[in-house]
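Novice: Right, I'll just put the structure down here and ask away after.
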Amino acid sequence: MKQGRERILSAQRRVIMVDHSCQIGDEKLMVVLGLDADNLPEPGQALRREDMEVLEVKAASQWKTDDMLREYQSIDERLGPIRQILIDGASELQNGAKSYVESVDHDVAIQRDAAHYAATQVKSILGKDEKFQQVISQMGTTRSQVQQTELAFLSPPTPKNKARFMNLSSIIQWMTMMLWLLRNPKATCLVGIAPARFHEKFGWIENYADQIPMWRACQDVISTFVTFANEQYLHHGASEKLADAIGELKHCEARELRDRLVKFVLESESSLQPGERLPMSTQLLESLFGQYKQLEGQQSKSGFTGLVSCIPLLHRIPTPV
């Protein structure tokens, strides 16, 4: 961490990614990653671990706006002015960042993570879709009915309540597969399963066959947007390039989603200086949390452990012995 701070100390334009992770217990772990915006990878290449440094790892029972303001100010005092704060939609992160912007006399860009923003937008569109809500409910019922039977291998994916719309693709893939099996009852994987029983448990999917193309179109918009954000970064003209990358769409829901995401990028461009590029994704930070939980293994059931001290090492490339 000391080495990382020294590297960021020499940067002219500092970017920080900030997020919280929670486990069992009342503590939340705050991790801050930093990078030099003048050393971003070339367009077409996503950020790599070696492009970023772990600047802070800190646990606390609460993180409110004032707490985050102090953290932003502390980084500013120790490492220098912050050019961009990249965060998800958490209110304490956003409000703390806004307070920090008001407390300094230099330009600071507050950027929401692309994937989280896309998830909120598709939620506002599909969240009102009565048929989509019926599918989610029916999947839960079906999962309970088949999980301890010979049909368990066809069980629906388990949605994440807090990130359901960030996992839309798994739902669409499962429904597409099951629809194909319903229409191809002689498939090898169905050998030994009574057709009537299979149809009894999964036949309801046929009622939503006409909706699947629209849901898939929305997922395709999200996938294109997230890939664009990861690899092309925020720059002047990015919104036009994103619109071209998504292209024309048949379904009005997908068009609305595309228009919202293009508008989001266009508004984000307004904070850029001439010729500047800045990141739009916290994917590396999300990956770091996942890798840390994998390192903990079963110990994660007991809350955060002393292994938090290993987090900075997870962003290092192993060297030969």
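The values are calculated or read from the model by the stated rules, or taken from the named source; none is laboratory data. Source: prediction; values computed, not measured. Methodologically, a virtual Cβ is constructed for each residue, glycine included, from the backbone with ideal geometry; neighbour enumeration extends over all protein chains shown. Just so you know, the surface numbers come from the protein's heavy atoms only, side chains and all, with ligands and any DNA or RNA stripped out. Shrake-Rupley method; radii C 1.70, N 1.55, O 1.52, S 1.80 Å.
Novice: From the list Val101, Val191, Val146, exactly one residue is within 28 Å of Ser287 (Cα to Cα) and either in contact with a strand residue (DSSP E or B) (Cβ under 7 Å, 6 or more places away or on another chain) or among the β-branched types (Val, Ile, Thr) (or both). Which is it?
Specialist: None of the others qualify; the one that does is Val101.
Novice: All but one of (1) under 25 Å from Val101 (Cα atoms); (2) modelled with pLDDT of 85 or more; (3) not aromatic (Phe, Trp, Tyr) hold for Gln45; state the number of the condition that does not hold.
Specialist: With respect to (1) under 25 Å from Val101 (Cα atoms); (2) modelled with pLDDT of 85 or more; (3) not aromatic (Phe, Trp, Tyr), Gln45 is out only on (1).
Novice: Only one of these conditions is not met by Lys131: (1) more than 19 Å from Val226 (Cβ to Cβ); (2) part of a loop (DSSP other than H, G, I, E, B). Which number is it?
Specialist: Answer for Lys131: the failing condition is (2).
Novice: Checking Glu269 against (1) in contact with a Leu (Cβ under 7 Å, 6 or more places away or on another chain); (2) under 30 Å from Met177 (Cα atoms), which single condition isn't satisfied?
Specialist: The failed condition is (2).
Novice: Are any residues in segment 274-315 open to solvent by 10 Å² or more (accessible area, probe 1.4 Å), among the small types (Gly, Ala, Ser) and either in a loop (DSSP other than H, G, I, E, B) or touching a residue at least 12 places away in the same chain (Cβ under 8 Å) (or both), and if so, which ones?
Specialist: The answer is Gly275, Ser281, Ser300, Ser302, Ser309.
Yes or no, residue by residue, for (1) of a type outside the set (D, E, K, R); (2) open to solvent by less than 60 Å² (accessible area, probe 1.4 Å):
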site	(1), (2)
Val104	yes, yes
Asp113	no, yes
Leu126	yes, yes
Ser137	yes, no
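Novice: Which of the helices (runs of 4 or more DSSP H) contained wholly in segment 1-118 include at least 2 residues that are within 30 Å of Ala254 (Cα to Cα)?
Specialist: Hits in segment 1-118: 91-103.
Novice: Would you be able to tell me the number of residues in segment 32-44 that are touching a residue at least 12 places away in the same chain (Cβ under 8 Å) and either over 27 Å from Leu295 (Cα atoms) or touching a Phe, Trp or Tyr at 6+ places or on another chain (Cβ under 7 Å) (or both)?
Specialist: 7
Novice: Which one of the conditions (1) assigned to a helix (DSSP H, G or I); (2) in contact (Cβ under 8 Å) with a residue 60 or more places away in the chain does Gln145 fail to meet, given that it meets all the rest?
Specialist: Of the numbered conditions (1) assigned to a helix (DSSP H, G or I); (2) in contact (Cβ under 8 Å) with a residue 60 or more places away in the chain, the odd one out for Gln145 is (2).
Novice: OK, next. Only one of these is open to solvent by less than 70 Å² (accessible area, probe 1.4 Å) and part of a helix (DSSP H, G or I): Trp215, Trp180. Name it.
Specialist: Answer to the selection: Trp215.
Novice: Then there is this: Out of (1) loosely packed, with under 14 Cβ neighbours inside 10 Å; (2) under 25 Å from Glu269 (Cβ atoms); (3) touching a helix residue (DSSP H, G or I) at 6+ places or on another chain (Cβ under 7 Å); (4) not aromatic (Phe, Trp, Tyr), the odd one out for Lys64 is which?
Specialist: (2)
Novice: Now for a different question. Identify, please: which residue in segment 227-271 is touching a Ser or Thr at 6+ places or on another chain (Cβ under 7 Å) and either part of a helix (DSSP H, G or I) or not hydrophobic (A, V, I, L, M, F, W, C) (or both) and is, among those, most open to solvent (accessible area, probe 1.4 Å)?
Specialist: Only one residue tops the list, namely Leu266.
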